[in-house]
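Trainee: Quick one: this structure, given as structure tokens, is what I'll be asking you about.
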2 protein chains.
Amino acid sequence: MPKKSERTRQRIVEAANRLFYHKGYNQTSFSDVVMAAAVPRGNIYYYFRTKDEILEAAIRYRTERISQMLEQWTGNYRTPIERLHRFLDILSDSADAIMRYGCPMGSLNTELGKEQRELQEKAENLFKVFESWLCDQFAELGYAGRAHELALRLMAQGQGINVMAHVHNDPGFLRREKARLGQWLDQLADGNDECA
Amino acid sequence: MPKKSERTRQRIVEAANRLFYHKGYNQTSFSDVVMAAAVPRGNIYYYFRTKDEILEAAIRYRTERISQMLEQWTGNYRTPIERLHRFLDILSDSADAIMRYGCPMGSLNTELGKEQRELQEKAENLFKVFESWLCDQFAELGYAGRAHELALRLMAQGQGINVMAHVHNDPGFLRREKARLGQWLDQLADGNDECA
């Protein structure tokens, strides 16, 4: 695809992605995307025939960005415990957005998981990318036999904290729980798995 | 309101409540409610002018049912640890529904919390009823100074488990995490708050 077309396609995907997060997938209309992307409606059909196709493209885009980010973290942080702490930092870095809109991955999957299972199975990949990487970190930390279990547990902890922060609009809760999770990770790094 | 009207009103609320859970609030149309309640459209307007009003009635209905259930548990279970375990049992009792539709409270609040904050603040009451009761149990367990914190933490744990079970359609995860939560509660009951 020529460069200009690729940029336009990307602009549509990014505009749609932002709307899906802020309004929800089903609450976002094709017209909303047309307006936010500032691309004539006829032009959008050149790239995407349906809203579902835009969502699939948005999920692929996000999955790719997450993978790149995790690769960077692997390169920038020498030890698995440092990388796990960097993962936890998402909670504080995105605190305002989480309280305002909820977790982007969790809220999307929760919405789609009711009546749009085919779409939700694509959105599930957002979780799987993180879980696979977390699994690697826990294995490197010395918990190879339980790495997948610990990865899912950490994701679940994060998701629960996100839901509560969003429901109650409570930044203090997010901060305290993030600190507690950090302590749990440090204990694991010290070989203390009593609380696991 | 005469008995027959009250029954009809209740039928509308219960039908709508089920739809809101299975499809999502915004994905449920007024027509969906009309059909599911098997009440003529004109009759529904006698009770509710808008879908928002039906949602508010549904939330009040659920809040009342939750309060009654918690009162029963308080009466049926003599000790706070038994009551906390009874709360945990929701995870297993509702496992199929959670995997299919997500948590009814969490998914509703997540959806409304994006662009319908006024409605979400009403839905938040569903959480507050549970949290207040959990707070009482933790205080009675001997953690009066931290009771609210522990109540929110247990809710967060449950919410995270629900999201992950729904996203991955994974009953094993729900079972294992519920068991782990049960151990955490037992430790707290034994005065061991290291993992808290």
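Trainee: Would you check which residues across the stretch A:177-196 are of a type in the set (D, E, K, R) and either more than 10 Å from chain B (Cβ to nearest Cβ) or under 16 Å from A:Leu88 (Cβ atoms) (or both) and list them? Write out each step before concluding.
Mentor: Pass one, the stretch A:177-196, residues of a type in the set (D, E, K, R): A:177-178, A:180, A:186, A:190, A:193-194.
Scanning the stretch A:177-196 gives A:Glu177, A:Lys178, A:Arg180, A:Asp186, A:Asp190, A:Asp193.
Trainee: Which number in (1) surrounded by 16 or more Cβ atoms within 10 Å (Cβ to Cβ); (2) at pLDDT below 95; (3) hydrophobic (A, V, I, L, M, F, W, C) marks the one condition that A:Phe30 misses?
Mentor: For A:Phe30, the exception is condition (1).
Trainee: Could you look through the stretch A:12-54, keep only residues that are assigned to a helix (DSSP H, G or I) and basic (Lys, Arg), and pick out the one that is farthest from the other protein chains (Cβ to nearest Cβ)?
Mentor: Step one: filter the stretch A:12-54 for residues assigned to a helix (DSSP H, G or I), giving A:12-23, A:30-37, A:41-47, A:51-54.
Those still in the list that are basic (Lys, Arg) too: A:18, A:23, A:41, A:51.
Working: A:Arg18: 12, A:Lys23: 6, A:Arg41: 23, A:Lys51: 14 Å.
Out of the qualifying residues, it is A:Arg41.
Trainee: So which residues in the stretch A:133-170 are within 11 Å of another protein chain (Cβ to nearest Cβ) and small (Gly, Ala, Ser)?
Mentor: Hits for the stretch A:133-170 are A:Ala151, A:Ala156, A:Gly158, A:Gly160, A:Ala165.
Yes/no matrix, rows are residues, columns are (1) in contact (Cβ under 8 Å) with a residue 40 or more places away in the chain; (2) under 22 Å from B:Gly160 (Cβ atoms):
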{"position": "A:Asn43", "(1), (2)": "no, no"}
{"position": "A:Glu64", "(1), (2)": "no, no"}
{"position": "A:Ser67", "(1), (2)": "yes, no"}
{"position": "A:His85", "(1), (2)": "yes, yes"}
{"position": "A:Leu108", "(1), (2)": "yes, yes"}
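Trainee: Here's another thing I want to ask about it. More than 22 Å from B:Glu121 (Cα to Cα), of a type in the set (A, V, I, L, M), modelled with pLDDT under 95 and under 13 Å from the mean Cα position of the chain (by Cα): is that true of A:Leu91 in this structure?
Mentor: On the way: more than 22 Å from B:Glu121 (Cα to Cα): yes; of a type in the set (A, V, I, L, M): yes; modelled with pLDDT under 95: yes; under 13 Å from the mean Cα position of the chain (by Cα): yes.
Yes, satisfied.
Trainee: Do you know which residues across the stretch B:8-30 are touching a Ser or Thr at 6+ places or on another chain (Cβ under 6 Å) and closer than 21 Å to B:Arg117 by Cβ? Steps first, please.
Mentor: Residues of the stretch B:8-30 that are touching a Ser or Thr at 6+ places or on another chain (Cβ under 6 Å), as a first pass: B:19-20.
B:Phe20 - this is the single residue of the stretch B:8-30 that is touching a Ser or Thr at 6+ places or on another chain (Cβ under 6 Å) and closer than 21 Å to B:Arg117 by Cβ.
Trainee: Please go through the stretch B:58-97 and give me each residue that is within 21 Å of B:Asn17 (Cβ to Cβ) and surrounded by fewer than 12 Cβ atoms within 10 Å (Cβ to Cβ), ordered by number.
Mentor: Answer for the stretch B:58-97, where residues must be within 21 Å of B:Asn17 (Cβ to Cβ) and surrounded by fewer than 12 Cβ atoms within 10 Å (Cβ to Cβ): B:Glu64, B:Gln68, B:Glu71, B:Gln72, B:Asp93, B:Asp96.
Trainee: Quick one: how many residues across the stretch B:151-171 are outside any helix (DSSP H, G or I) and under 19 Å from A:Asp193 (Cα atoms)? Write out each step before concluding.
Mentor: Initial filter on the stretch B:151-171 (outside any helix (DSSP H, G or I)): B:169-170.
Remaining after also requiring under 19 Å from A:Asp193 (Cα atoms): none.
Count: 0.
Trainee: Tally time: how many residues in the stretch B:55-102 are among the polar types (S, T, N, Q) and not in a helix (DSSP H, G or I)? Talk me through it step by step, then tell me what you get.
Mentor: Initially, the stretch B:55-102 is screened for residues among the polar types (S, T, N, Q), giving B:63, B:67-68, B:72, B:74, B:76, B:79, B:92, B:94.
Filter once more, keeping what is not in a helix (DSSP H, G or I): B:79, B:94.
Residues that pass the stated criteria total 2.
Trainee: Return yes when A:Leu174 is hydrophobic (A, V, I, L, M, F, W, C), more than 11 Å from every other protein chain (Cβ to nearest Cβ), in a helix (DSSP H, G or I) and under 19 Å from the mean Cα position of the chain (by Cα) and no when it is not.
Mentor: Values: hydrophobic (A, V, I, L, M, F, W, C): yes; more than 11 Å from every other protein chain (Cβ to nearest Cβ): no; in a helix (DSSP H, G or I): yes; under 19 Å from the mean Cα position of the chain (by Cα): yes.
In short, no.
Trainee: Restricting to the stretch A:82-115, count the residues that are farther than 21 Å from A:Ile59 by Cα and in contact with a Ser or Thr (Cβ under 9 Å, 6 or more places away or on another chain).
Mentor: Selection size over the stretch A:82-115: 1.
Trainee: Kindly indicate whether any position in the stretch B:134-155 is among the hydroxyl-bearing types (Ser, Thr, Tyr) and free of Cβ contacts under 8 Å to residues at least 24 places away in the same chain.
Mentor: Going through the stretch B:134-155, the residues among the hydroxyl-bearing types (Ser, Thr, Tyr) turn out to be B:143.
Subset that is free of Cβ contacts under 8 Å to residues at least 24 places away in the same chain: none.
Scanning the stretch B:134-155, I find no residue that is among the hydroxyl-bearing types (Ser, Thr, Tyr) and free of Cβ contacts under 8 Å to residues at least 24 places away in the same chain, so the answer is no.
Trainee: Shifting gears a bit: Can you tell me which of B:Leu112, B:Leu108, B:Leu126, B:Leu119 is assigned to a helix (DSSP H, G or I), within 23 Å of B:Glu71 (Cα to Cα) and more than 8 Å from chain A (Cβ to nearest Cβ)? Lay out the reasoning, then the answer.
Mentor: Working: B:Leu112 fails: within 23 Å of B:Glu71 (Cα to Cα); B:Leu108 fails: within 23 Å of B:Glu71 (Cα to Cα); B:Leu119 fails: within 23 Å of B:Glu71 (Cα to Cα).
The unique qualifying residue is B:Leu126.
Per-residue answers, yes or no, for (1) under 18 Å from A:Leu181 (Cβ atoms); (2) surrounded by fewer than 19 Cβ atoms within 10 Å (Cβ to Cβ):
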| position | (1), (2) |
| --- | --- |
| B:Leu108 | no, no |
| B:Arg146 | yes, yes |
| B:Ala189 | no, yes |
| B:Glu194 | yes, yes |
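Trainee: Find the residue count for the stretch A:31-71, including only residues that are over 26 Å from A:Met99 (Cα atoms) and not aliphatic (A, V, I, L, M).
Mentor: 15
The values are calculated or read from the model by the stated rules, or taken from the named source; none is laboratory data. Computed from a predicted structure; not experimentally measured. So basically every Cβ, Gly included, is an ideal-geometry build from the backbone, and we count neighbours across all protein chains shown.
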